[in-house]
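J.: Please see the structure below; I have some questions.
The values are calculated or read from the model by the stated rules, or taken from the named source; none is laboratory data. Everything numeric in this text was worked out from a predicted model, so none of it was measured. All Cβ positions, glycine included, derive from the backbone under ideal geometry; neighbour counts span all protein chains shown. Areas reflect the complete protein model, heavy atoms only, side chains present, ligands, DNA and RNA absent. Shrake-Rupley method; radii C 1.70, N 1.55, O 1.52, S 1.80 Å.
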Amino acid sequence: MDGQGLSSRERRVLAEIEAGLRADRRLEQRLRTMRFVLPGGAGRALDAAARVPGSVPVLPAALSLGLLLVGTTVHTALAVALYSVVWLPTAVLLLARGTRAGPRRIRVRRGR
């Protein structure tokens, strides 16, 4: 650290701020897990989508691909609408699994 350290008054103020932050259990839990929490029920919906087994999105993805192929050959609004109805939830499910999957908490080793 370059320059002078903190004065005793600054250290005392900093200690008070840190004590206040440590007393906030919700903040401590959020910092410990380092998860971004979405407002409302969106975070819970994405968490639920992320817990879906990996084999579940295969059927809607295959159905989306089939409807895409039909839509490109038939060129009707109904085929495109059906593709859109199936593709959007499939994409959301796959994105939720991709972004929310993985370890929930990084464990930090303290001391040796």
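J.: I'd like to check which helices (runs of 4 or more DSSP H) are fully inside the stretch 1-60 and have at least 2 residues that are modelled with pLDDT of 80 or more and open to solvent by 60 Å² or more (accessible area, probe 1.4 Å).
T.: Helices (runs of 4 or more DSSP H) meeting the threshold: 8-23, 25-33.
J.: While we're on this one: Do you know which residues across the stretch 57-74 are in contact with a helix residue (DSSP H, G or I) (Cβ under 8 Å, 6 or more places away or on another chain) and closer than 15 Å to Leu88 by Cα?
T.: Pro57, Pro60, Ala61, Leu63, Ser64, Leu67, Leu68
J.: Among the residues of the stretch 75-88, write down those that are open to solvent by less than 80 Å² (accessible area, probe 1.4 Å) and either in contact with a Ser or Thr (Cβ under 8 Å, 6 or more places away or on another chain) or of a type outside the set (Gly, Ala, Ser) (or both).
T.: Passing the criteria: Thr76, Val80, Tyr83, Val86.
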